[in-house]
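Participant: To start, I am sharing the structure in question, which I have written as structure tokens.
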Amino acid sequence: MNQKVFQSLSDTPPVANAHGQGEKFVFLKQQDTQTGLTQFAYGRLIPGEDVQQHLHPTMEECFYFITGEGEYKISEVIYIIKPASFFRIPANTLHALKATGSEPLTFVYFGIAT
């Protein structure tokens, strides 16, 4: 188990988002902790990028948006994303994310095993 107590975004290499678009900077992975945390990361989508509709059967996610604008489709409801927006996605809930503004959509997020 990794005993991280400090990590800078500038020292964290980007990796491709598992959903094919955007990038993420992973601070903690499931194997780094003995909790139900599956991942804690900083994400970025450039304007026009999107994460197609999907669900996680055994993971709840929480997102806090820092910059940019977008749309978050959760189940059948479309929410408008602006800076300082928070979203909680319950496990087994369909969701899709799209960057719609003129600047990158940036956010921090984490997943919790259910």
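The values are calculated or read from the model by the stated rules, or taken from the named source; none is laboratory data. Predicted, not measured: the structure shown is a model, and the values here were computed from it. Neighbour counts are summed over all protein chains in view; Cβ atoms, including those assigned to glycine, are modelled from backbone coordinates with ideal geometry. For accessibility, only protein heavy atoms count, side chains too; no ligands or nucleic acids. Shrake-Rupley method; radii C 1.70, N 1.55, O 1.52, S 1.80 Å.
Participant: Between residues in segment 86-100 that are touching a residue at least 40 places away in the same chain (Cβ under 8 Å) and residues that are among the hydrophobic types (A, V, I, L, M, F, W, C), which pairs lie under 6 Å by C-beta distance while being six or more apart or on different chains?
Facilitator: Close Cβ pairs (under 6 Å, with a partner that is among the hydrophobic types (A, V, I, L, M, F, W, C)) amount to 94/55; 95/74; 95/89; 97/51; 99/45; 99/105.
Participant: Which one of the conditions (1) of a type in the set (Gly, Ala, Ser); (2) under 19 Å from residue 64 (Cβ atoms); (3) within 11 Å of the chain's Cα centre (by Cα) does residue 36 fail to meet, given that it meets all the rest?
Facilitator: Condition not satisfied by residue 36: (3).
Participant: Does residue 84 satisfy being within 30 Å of residue 5 (Cβ to Cβ), of a type in the set (Gly, Ala, Ser), open to solvent by 50 Å² or more (accessible area, probe 1.4 Å) and touching a strand residue (DSSP E or B) at 6+ places or on another chain (Cβ under 9 Å)?
Facilitator: Taking the combined requirement at face value, the residue satisfies it.
Participant: Can I ask one more? Residues of segment 41-51 being in a strand (DSSP E or B) and among the charged types (D, E, K, R), which ones? Write out each step before concluding.
Facilitator: Taking segment 41-51 first, the residues in a strand (DSSP E or B) are 41-45, 50-51.
Correct list: 44, 50.
Participant: Taking segment 88-106 on its own, how many of its residues are in a loop (DSSP other than H, G, I, E, B) and either open to solvent by 50 Å² or more (accessible area, probe 1.4 Å) or under 19 Å from residue 22 (Cα atoms) (or both)? Can you show your working first?
Facilitator: At the first step, the residues of segment 88-106 found to be in a loop (DSSP other than H, G, I, E, B) are 90-94, 100-104.
Keeping just the survivors that are either open to solvent by 50 Å² or more (accessible area, probe 1.4 Å) or under 19 Å from residue 22 (Cα atoms) (or both) gives 92, 94, 100-104.
Within segment 88-106, residues that are in a loop (DSSP other than H, G, I, E, B) and either open to solvent by 50 Å² or more (accessible area, probe 1.4 Å) or under 19 Å from residue 22 (Cα atoms) (or both) number 7.
Participant: Please work out which one of (1) assigned to a loop (DSSP other than H, G, I, E, B); (2) more than 26 Å from residue 100 (Cα to Cα); (3) open to solvent by less than 70 Å² (accessible area, probe 1.4 Å) is the condition residue 38 fails and give its number.
Facilitator: (1)
Participant: If a residue must be hydrophobic (A, V, I, L, M, F, W, C) and at pLDDT 90 or above, how many such residues does segment 7-23 contain?
Facilitator: Step one: list which residues in segment 7-23 are hydrophobic (A, V, I, L, M, F, W, C), which gives 9, 15-16, 18.
Restricting the remaining residues to those that are at pLDDT 90 or above gives 9, 15.
Result for segment 7-23: 2.
Participant: Let me ask you something else. Can you name every residue in segment 52-87 that is of a type in the set (Asp, Glu) and part of a strand (DSSP E or B)? Don't jump to the end; show me each part of the working.
Facilitator: Taking segment 52-87 and keeping what is of a type in the set (Asp, Glu), we get 60-61, 69, 71, 76.
Within segment 52-87, 60, 61, 71 meet the criteria.
Participant: Next question. Among the residues of segment 2-35 satisfying the criterion of being touching a helix residue (DSSP H, G or I) at 6+ places or on another chain (Cβ under 8 Å) and farther than 15 Å from residue 110 by Cα, which is surrounded by the most Cβ atoms within 10 Å (Cβ to Cβ)?
Facilitator: Here is the first cut: in segment 2-35, the residues touching a helix residue (DSSP H, G or I) at 6+ places or on another chain (Cβ under 8 Å) are 2, 4, 25.
Okay, now just the ones that are also farther than 15 Å from residue 110 by Cα, so 2, 4.
Values: 2: 9, 4: 11.
Within segment 2-35, the match that is surrounded by the most Cβ atoms within 10 Å (Cβ to Cβ) is 4.
Participant: Moving on to the next point. Within segment 1-27, restricting attention to residues that are of a type in the set (A, V, I, L, M, F, W, C) and either part of a loop (DSSP other than H, G, I, E, B) or in contact (Cβ under 8 Å) with a residue 60 or more places away in the chain (or both), which residue is nearest to residue 64 (Cα to Cα)?
Facilitator: Initial filter on segment 1-27 (of a type in the set (A, V, I, L, M, F, W, C)): 1, 5-6, 9, 15-16, 18, 25-27.
If we keep only those that are either part of a loop (DSSP other than H, G, I, E, B) or in contact (Cβ under 8 Å) with a residue 60 or more places away in the chain (or both) too, we end up with 1, 5-6, 18.
Working: 1: 27, 5: 21, 6: 20, 18: 19 Å.
Of everything passing the filter in segment 1-27, 18 is nearest to residue 64 (Cα to Cα).
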